[in-house]
Amino acid sequence: MTNIGKSVIRKEALDKVTGRAKYTADFPSGEMLHGKSVISHYGHGTIKSIDVMEAKKEPGVRAIITGKQYPLTGEEIRDRPPIAFEKIRFHGEVVALVVADTPAIAKRAASLINVVVDPLPVVNSPSEGVSKDAPLVHDNVAEYEREEGVHPVPKTNIANHTKIRKGDMASGWAKSEIVIEENFSFPPSDHIPMETRSATAEIRPDGKVLITTSSQAPFMVKELLSQYFDLEVGKIIVKTPLVGGGYGGKASVQQEILAYLGSLAVEGRTVRMINEREEDMITSPCHMGLDAKVKLGCTADGYLQATELTYLVDSGAYSDKAIHLSRACAVDCTGPYFIENIWCDSYAVYTNHPYPAPYRGFSHAEVHFVFERAMDILARKLNMDPLELRYKNAIKPGHTTPTQVKLNRSTVGDVPMCIEKVKQLSRWEEGQLIELNERTVRAKGLACVWKNSTIPPESSSGAIITFNEDGTMNLMSGVVEIGTATKTVLAQILAERFRMSVNDIYVKMTVDTQSTPEHWKTVASRGTLMGGRAVLAAAEDAIRQIKEVASCVMKVRTDDLEIGNRRVFLREDPKEGLDFRDVVYGYTFPEGNAIGGQIIGRGNYILRNITYLDPETGAGNPGPEWAVGAQVVEVEFDRRDYTYKIIKAISVLDVGRVLNYKGALGQVTGAMSMGLGFGGRESFVIDDKARVLNPQLRTYRPVHFGEHPEYIVEFIETPHIDSPFGARGVGEQGLLGMPAALGNSLSLAAGVELHHLPLLPESIWRKKEGLNT
Amino acid sequence: MSIFQYVVLKINGEDRPVMIRSADTLLEVLRNELGLTGSKPGCLNGDCGACTVIVDGKPMKSCLMLGVEGTGKEITTIEGLQGTAIQQAFVEYFAFQCGYCTPGYIMNCQSLIENEPKATDEKISEWLKSNICRCTGYEEIETAIKSVLRESNSKDRPISRESEMD
């Protein structure tokens, strides 16, 4: 092995440190027009009138459009007008769109549009949404067109209901000597990629639709635009250059629709949309909020027997990805423990909030906050070390998951080993709580994590490799480079298979749906598994072709040939062989006649044996493998003023196989940082009229330099047999246990159980003092 | 009277004549008029630092300064920075992922190196907390800036970078 595990520097590194790397909004504008949305300032209301007269008078305004004539959109339920029509359902919703010659003119004109709204009572949390006399966000969700496998409850705010029914609850509760029941919640928040979303659209006279977008899902943009607007799918060409951070947020299709409608309104001229930060936070999809209830029981010696869970996912005003997010809450509804009896109801509930996109971890950090906090509370009631409780119940090969998948050594990582290692790294034995002085304590909190993906069974990934005259290769994959360096890792995988230097592989960074093979979406920590398997298949295809040409030239059987160092040679006598340069562009015999031609390898991969979930029990195989881990957060907490500092954050993750060490490390610490932000202070502050009061980076503060704790990361390597070199997902896992571990450490430090995020000093103080939270 | 005016900005050592609106921020001028798209918009509000450039030797968020204010000043953008130690260190220490905040971060770091070559940890934090990086956990950026500061402070006795690489 020469390429695997090495900290290979990412292929686009030099472009990124010299300002040459191009993102969607960096391409020259030329003849472009500019779109600007008018957004709602109400959480819920009836649109009485939209006065565009003044705006129309502005010189340079080319079109102003409102929501009337457009079809409904939405990934699993078609419930969302791309531009609000008759009703406003959340603060930030697009009410009108201006297209003008310059961004400044578009913005001025947008500010002149007068929208008169009759406010309606709001649904301000998913719990409110399911209460008896809740206002309905949508009159009848059941009347909307929807995909199969979606289960809305007619004439309620419930857009989807997923059930997990495993084992026999009565017998589980009968065996439970200790039982706890707790409620947890947190409001919606946001991904905050540094690049706000941007998209351009152009419609050519022959009907071709050209989109450039900062998306994690360019192929989905193509598919959905085709479905929504009844366009021939081959006529839609979507390009995505480098993306400035996604974290799930850019996997939703929203702004592209506006750019397309804008272009449609100006005879197909190019229209560019660039989100301002405020729009990126509330108009485009955000990160879900959650209300949850957990009942958990175990025997007196700490063996889990039964759990009953209710998840109310804040679906916001439109269901879009919330359907799928609520389904994922059910799939891995517990922590990584074996529990025989599980009952879970997971609902996507409409509210008058901005609606969610996927968020790094896809419901798992959210579920883990609930379940891992509950585990600590149970341990306290049992008077047992929370680490021991987790160790005793860790899920292992042979056990079944909530969706009744029987695990094996390949499909699940090693939870006990992660716990043992984190115990050592965190010096758990020195004690969870240490008094530093009468004011300050140090406290450690633990959380165990697991994650499978729940992407559709038919999702596939493709790769193409072409050769250059000198025997080097070009690699094309539909995986979007969102910052994870997956394209570089794919090149490492290819180099390893060809036993050649990764420097001799050139990677196409831009995805173009017309020339790049499809990768469903760059999400779910599945780029390496799916893209990697496609690359390996393409490599086999190319190697077969190379050997065929060489066998003809060398008059030997193909299976006597090997490849390596850009040569094809006889296995028995490696000196006998041909340089790639003489083969990969066709071999020319001394007489002048030639065989072969440019070698082009192609491969694809589709996930194996994934099934839909049974609608009554939830049984089914959701995804290829569970990556697992154990994480500890250590805080220094001031008992007088309730402030705290995060001192250390530790992750032990079973990643199957490390493919690029520093790359993997960066994924994990970056995800941990994001998770600490989510747990510690990131949330929308929403008023009683469902308006978001802090949609900007001064009042919504992600972690800044200097606030970062010491990070300790260790990898366990239990291979996932199906994956290239055994690698498991690693892009999201670092985030999963952070909010829970932070909550556990602070609950211990403050001496009060904390149930709500974000964990601000003020909210800890309120809880401690028994005040309203 | 036209809302546009003719100005000459000195950017990366070159005089750049340009017609701009009085209301255009320096960021808009750089990106839209001069094609210098290395400076990134992230918040247009001074909160994120992705658009940081160096103006007369000091870091400046180009979304917080008008283009017309740039006349008579020396402006350096990421495009004007080539082959510096901090750029190399960012690559070596994996101090970026998506790369969007990187030009702004590097400009801030470069200015720190020039203005505060003996910066303490506190000073480094004070400077670098004005930029947001959403991908990394900041440790890699910290390692990168400290490696450059340390190296420039021990010219007689250069520390081998090798020892810190795996």
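Which residues of region B:11-43 bury at least 20 Å² of accessible area once all protein chains are present, versus their chain alone (1.4 Å probe)? Correct list: B:Arg21, B:Arg31, B:Thr37, B:Lys40, B:Gly42, B:Cys43.
Region A:363-429 and region A:271-297 have Cα centres separated by 28 Å. Note every residue of region A:659-674 with a reduction of at least 40 square angstrom in accessible area, all protein chains present versus the isolated chain, computed with a 1.4 Å probe, or write none. Checking the loss per residue gives A:Lys662.
Panel values: region A:104-250, Kirkwood radius from alpha carbon pairs, Stokes-Einstein at 4 °C and 1.567 mPa s, translational diffusion coefficient 62 µm²/s.
With charges only on Cβ, +1 for K and R and -1 for D and E, what is the dipole size of region A:458-606 about its Cα centre, in debye, rounded to 20? Walk me through the numbers before you get to the answer.
Numbers: 17 positive and 20 negative charges, 75 e Å.
Dipole of region A:458-606, to the nearest 20 debye: 360 debye.
By the helix-only formula, in which each DSSP H run with n ≥ 4 contributes -39500 (n - 2.57) and the sum is divided by residues, chain A has a 222 nm mean residue ellipticity of -7500 deg cm²/dmol. Computed from label points 7 Å out along Cα-Cβ, the spacing between A:Glu145 and A:Lys381 is 4.8 nm.
Contact residues in region A:187-220 (at least 20 Å² less accessible area with all protein chains than alone, 1.4 Å probe): A:Met194, A:Glu195. Report the percentage of all Cα-Cα pairs in region B:85-155 whose separation exceeds 17 Å, rounded to a whole percent. Percentage above 17 Å: 33.
Note on A:Asp118 and A:Glu267: with the Förster distance fixed at 22 Å, the Cβ-Cβ geometry gives a FRET efficiency of about 0.05. Taking every DSSP helix (H) stretch of at least 4 residues in chain B, weighting each as -39,500 (n - 2.57) and dividing the sum by the residue count yields a mean residue ellipticity at 222 nm of -8500 deg cm²/dmol. With r as the distance between the Cβ atoms of A:Ser501 and A:Arg409 and R0 = 35 Å, compute the FRET efficiency 1/(1 + (r/R0)^6) and round to 0.05. Once rounded, the FRET efficiency stands at 0.55. In loop segments of region A:399-463 as defined by DSSP, the GluC sites (Glu not before Pro) with at most 14 further C-beta atoms inside 10 Å of their C-beta are A:Glu438, A:Glu458. At 1.4 Å probe size, with the rest of the protein present, what percent of the exposed accessible area of region B:4-78 is carbon and sulfur atoms? Taking all protein chains in place, region B:4-78 shows 50 percent carbon and sulfur surface.
Give the separation of the Cα centroids, region A:603-658 to region B:1-50, in Å. Result: 44 Å between the Cα centres. Counting Lys and Arg as +1 and Asp and Glu as -1 over every other residue whose Cβ lies under 11 Å from the Cβ of A:Ala740, the net charge comes to -2. Database note for chain A: Cys without another Cys beta carbon under 4.7 angstrom, A:Cys286, A:Cys298, A:Cys329, A:Cys418, A:Cys448, A:Cys552.
If r is the Cβ-Cβ distance from A:Arg581 to A:Glu429 and R0 is 56 Å, what FRET efficiency results, to the nearest 0.05? After rounding, the FRET efficiency stands at 0.40. In whole percents, the pair-distance distribution calculated for the protein assembly as shown from its alpha-carbon pairs, binned every 20 Å from zero, is 14, 45, 34, 7, 0.
Its residue count N sets the reference 2.2 N^0.38 Å, and the alpha-carbon radius of gyration of region B:4-78 equals 0.96 times that reference.
When only alpha carbons are used to place a centre, region A:155-189 and region A:704-773 end up 22 Å from one another.
Chains B and A together bury some 4100 Å² of accessible area, summed over both sides, with a 1.4 Å probe. Of A:Lys36/A:Lys451; B:Lys73/B:Lys118; A:Lys6/A:Lys575; A:Lys36/A:Lys235; A:Lys11/A:Lys36; A:Lys295/A:Lys423, which ones are farther than 31 Å apart at the Cα? Pairs exceeding the cut-off: A:Lys36/A:Lys451; A:Lys11/A:Lys36.
In the context of the full set of protein chains, residues of region A:458-606 present 41 Å² of accessible surface per residue (probe radius 1.4 Å, heavy atoms only).
Here the label points at B:Asp121 and A:Arg204, each 7 Å from Cα along the C-beta direction, are separated by 5.8 nm in the simple model.
Net charge in the neighbourhood of A:Thr472 (other residues with Cβ under 10 Å of its Cβ; Lys, Arg +1, Asp, Glu -1) is -1. Beta bridges per DSSP, both residues in chain A: antiparallel share near 75 percent. Approximating the spin labels as points 7 Å out from Cα along Cα→Cβ, the A:Leu570-to-A:Gln69 distance works out to 7.4 nm.
Taking only protein heavy atoms and a 1.4 Å probe, the accessible area of chain A is 50% carbon and sulfur. Taking a point 7 Å out from the Cα of A:Asp722 in the direction of its Cβ, the residues of region A:451-470 whose backbone N falls within less than 13 Å of it are A:452-461.
Between the Cα long axis of helix B:102-115 and the first principal axis of chain B there is an angle of about 70°, rounded to the nearest 10. Near A:His755: Cβ cut-off under 9 Å, other residues only, Lys/Arg at +1 and Asp/Glu at -1. The net charge is 0. Helix screen, chain A: DSSP H segments with Cα axial length of 27 Å or more and mean Kyte-Doolittle hydropathy at least 0.5 are A:532-554. Checked against a 31 Å cut-off, the cross-linked pairs A:Lys163/A:Lys239; A:Lys293/A:Lys392; A:Lys406/A:Lys767 give Cα-Cα distances beyond that limit for A:Lys163/A:Lys239; A:Lys406/A:Lys767.
The values are calculated or read from the model by the stated rules, or taken from the named source; none is laboratory data. The structure presented is a predicted model; accordingly, all values stated were derived computationally and were not measured. Neighbour counts run over all protein chains shown; Cβ positions are idealised from the backbone, glycine included. Surface areas here come from the heavy atoms of the whole protein model, side chains and all, with no ligands, DNA or RNA. Shrake-Rupley method; radii C 1.70, N 1.55, O 1.52, S 1.80 Å.
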